[in-house]
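S.K.: Handing you this structure, nothing more for now.
Every read-out reported here was derived from the displayed coordinates using simple, explicitly stated rules and does not represent laboratory data. Just so you know, these numbers come straight off a predicted model, no measurement behind them. As a convention, Cβ positions derive from the backbone with ideal geometry for all residues, glycine included, and neighbour counts pool all protein chains shown.
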Amino acid sequence: MKNFLLAPSILSADFACLGEESKKVIDAGCDWIHFDVMDNHYVPNLTMGPMILKSLRNYNINVPIDVHLMTKPVDNLIPQFAKAGASFITFHPESTQHIDRTLNLIKENGCKAGLAFNPSTSLNFLDYIIDKLDLILLMSVNPGFSNQSFLPSTFNKLREVRKLIDLNSLDIFLEVDGGVKLENVSEIAYSGANVFVIGSGIFDYPDHQKIIKNIRQELKYSYFKSIH
Ligand code: DX5
Ligand code: ZN
């Protein structure tokens, strides 16, 4: 069975109890915690820093924490997030002067490295550095806010990146972020994603357990559809 990973975005959780909210989705079978960092400069919103990540680790959140940096610049934050307990650190190519150097910095600090693509960002940024990546994140909304609608142009982009990964036998997660819901998750999986960031599509449902179970069911269905 293909390994589809669920990474709930705690941007949509209740900020007054992030530890408890994270525990709930992990207990319901989610794989990673997606941690959105916004600086009111690269994107018009302001969210969480390394101290909050550290307090989640202190609260015994032990699954991989997938840090999505929507800040400019990024380099000075990387050692801080690594020290706080980040597992993956992903940044946008427009937010650093030297993409290759930033990727090295993430690795030197012991984390896995990801590159994030806005809906209008060209995949050409993958040229020359793809072998350094552990994760490619395709944004399916413009970054900055949760609960926006999934942009259908993402489907072709997903197919393109999936082809690139498979043709070159690369060991890279293909993650999609923005507007992922129960209703579209199977089509997104079918287009090539294997990590699904879901914010409002999980946290807006009081019964987290039930919605997560339904999403898993949809993913199972998309897998069977793809092999028959
Ligand atoms: C948007 C963030 C997303 C966001 C997803 O800039 O990167 O991770 O939280 O939220 P939903 O799933 O509600 O679109
Ligand atoms: Zn994100």
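S.K.: Among all the lysines, which ones have a C-alpha under 25 Å from Lys220's C-alpha, if same-chain residues fewer than 8 places away are not counted?
M.R.: Lys2, Lys23, Lys24, Lys157, Lys163, Lys181, Lys210
S.K.: Normalised by the residues of segment 108-197, what does the relative contact order come to in percent, with Cα pairs under 8 Å and at least six apart?
M.R.: 28 percent
S.K.: If you don't mind, another one. For the chain, what is the mean residue ellipticity at 222 nm derived from helices alone (per DSSP H run of n ≥ 4: -39500 (n - 2.57); sum divided by total residues; nearest 500 deg cm²/dmol)?
M.R.: The per-residue figure over the chain is -10500 deg cm²/dmol.
S.K.: If I take every Cα pair under 8 Å that is 6 or more residues apart in the chain, average their sequence separation and divide by the length, what percent do I get for the relative contact order?
M.R.: On the way: 429 pairs, mean separation 44.9, N = 228.
Averaging sequence separation for qualifying contacts and normalising by length gives 20 percent for the chain.
S.K.: When the Debye formula is applied to the Cα atoms of segment 5-215, each taken as the same point scatterer, what base-10 log of I(q)/I(0) results at q = 0.09, 0.17 Å⁻¹?
M.R.: Here the Debye-derived log intensity ratios amount to -0.31, -1.20.
S.K.: Please sort by residue number the GluC sites (Glu not before Pro) in segment 147-228 whose DSSP state is loop and whose Cβ has at most 16 other Cβ atoms within 10 Å. Walk me through the intermediate numbers first.
M.R.: Numbers: sites: Glu160, Glu175, Glu183, Glu187, Glu218; in loops: Glu183.
Loop-located and lightly packed - Glu183.
S.K.: Let me ask another. Points 7 angstrom from Cα along the Cβ direction at Glu183 and Asn40: gap in nanometres?
M.R.: 3.4 nm
S.K.: How many percent of all Cα-Cα pairs in segment 25-92 sit more than 16 Å apart?
M.R.: It works out to 43 percent of all Cα pairs.
S.K.: Tell me the label-point distance for the pair Ser122, Tyr205, using the 7 Å Cα-to-Cβ offset, in nm and rounded to one decimal.
M.R.: A separation of 4.0 nm, rounded to one decimal place.
S.K.: Using only Cα atoms, what is the ratio of the radius of gyration of segment 106-194 to 2.2 N^0.38 Å?
M.R.: Taking the Cα Rg and dividing by 2.2 N^0.38 Å, one obtains 1.08.
S.K.: Once you've got the GNM for the chain with C-alpha springs shorter than 10 Å, pick whichever of Leu69, Leu174, Leu123 has the biggest mean-square fluctuation.
M.R.: Of Leu69, Leu174, Leu123, the most mobile in the Gaussian network model is Leu123.
S.K.: Starting from 0.36 nm per residue, how many nanometres of slack lie between Arg101 and Asn58 once their C-alpha separation is accounted for?
M.R.: This chain segment gains 12.4 nm when fully extended.
S.K.: Please work out how much length the chain gains when fully extended from Cys17 to Asn76, using 0.36 nm per residue of separation minus the C-alpha to C-alpha distance, in nm with one decimal.
M.R.: Stretched fully, the Cys17-Asn76 segment lengthens by 18.5 nm.
S.K.: I would also like to ask the following. What residue among Met51, Met70, Met38 has the largest mean-square fluctuation in a Gaussian network model of the chain, using Cα springs under 10 Å?
M.R.: In this elastic network of the chain, the residue with the biggest mean-square fluctuation among Met51, Met70, Met38 is Met51.
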